[in-house]
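*Asks:* This is the structure, below, for whatever I ask next.
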Amino acid sequence: PYTLGVSSAASLGAVIMIVMGLPNYQVMGAITAAILSTLVLMQIASRWRMFEPGQLVLLGTAQNTALISIVLFLQFQLDRADVLQWMHWVVGSIQNISWVSTVIFAVLALLLAALFVVKGRTFDLMSMGDAWAKSKGIDTVSERSQTLLGVSIAVAIVVAYVGPVGFIGILIPQ
């Protein structure tokens, strides 16, 4: 998600809400932007027939760079008070997590665990390579797209609440 631009898209959505003077809607803006970013990435990949994992990472890296540059540009449109709020959000923090957020994260983790259990055999076959998975009847493009969208939505929700806590690495946005 970090390399595919999901976290930077969520940051952009939150910053847009702050710039528009709607800081109470930054979570919704972050989730919406992250989902749109994933859909755009999948649409570009579909159009250019770039479904291999390495190709998706390259597309995502380009998208990530573009989105981060927009976020940094918007930073200069903020006044001083909004810059502090923006910096707190963009750096990320788990300091203000409530019990409601914790329950949301727990439900999200259970749903993702269920997804991985249900799709485990498919993921195992896909890990052997697309040709092998296709020979076993797996529609790799569809499976990869569905999985990418599902995981991106989950990451969008987490990033929307705590920001892109990249320094923790795998704990939050990955």
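The values are calculated or read from the model by the stated rules, or taken from the named source; none is laboratory data. Only a predicted model underlies this, so the values are computations on that prediction, with no experimental measurement involved. Positions of Cβ are backbone-derived with ideal geometry, glycine not excepted, and every protein chain shown enters the neighbour counts. What goes into the accessible areas is simple: the full protein's heavy atoms, side chains included, and nothing from ligands, DNA or RNA. Shrake-Rupley method; radii C 1.70, N 1.55, O 1.52, S 1.80 Å.
*Asks:* Enter the accessible area of Leu39 (Å², nearest 10), with the probe set to 1.4 Å and all protein chains included.
*Replies:* About 80 Å², rounded to the nearest 10.
*Asks:* Any idea of the accessible area per residue across the chain, 1.4 Å probe, to the nearest Å²?
*Replies:* Counting only protein heavy atoms, the per-residue value for the chain is 57 Å².
*Asks:* So the label point goes 7 Å from the Cα of Ser142 along Cα→C-beta, right? Which residues of region 31-74 then have their backbone N under 20 Å from it?
*Replies:* Backbone N within reach: 39, 42-53.
*Asks:* Let me ask something else about it. How far is it, in nm, from the label point at Lys134 to the one at Asn24 when both lie 7 Å from their Cα along the line to the Cβ?
*Replies:* 5.2
*Asks:* A follow-up question, please. Counting just the Cα atoms, what span does the chain cover along each of its three principal axes? Round to the nearest Å and put the largest first.
*Replies:* 58, 37, 24
*Asks:* So how tilted is helix 80-91 from the main axis of the chain? Cα-based, degrees 0 to 90, rounded to 10.
*Replies:* Tilt relative to the chain: about 30 degrees.
*Asks:* Considering only protein heavy atoms and a 1.4 Å probe, what is the carbon-and-sulfur percentage of the accessible area of region 1-159?
*Replies:* Numbers: 6400 of 9200 Å².
The nonpolar share, carbon plus sulfur, comes to 70 percent.
*Asks:* Next up: Which order do Ile138, Ile68 take by accessible area at a 1.4 Å probe, largest first?
*Replies:* Sorted descending by solvent-accessible area, the residues read Ile68, Ile138.
*Asks:* OK, next. At a Förster distance of 41 Å, what's the computed FRET efficiency of Leu72 paired with Ala114, Cβ-Cβ distance as r, to 0.05? If you can, show how the numbers build up before the last one.
*Replies:* Values: r = 38 Å, r/R0 = 0.92.
In this case the efficiency is close to 0.60.
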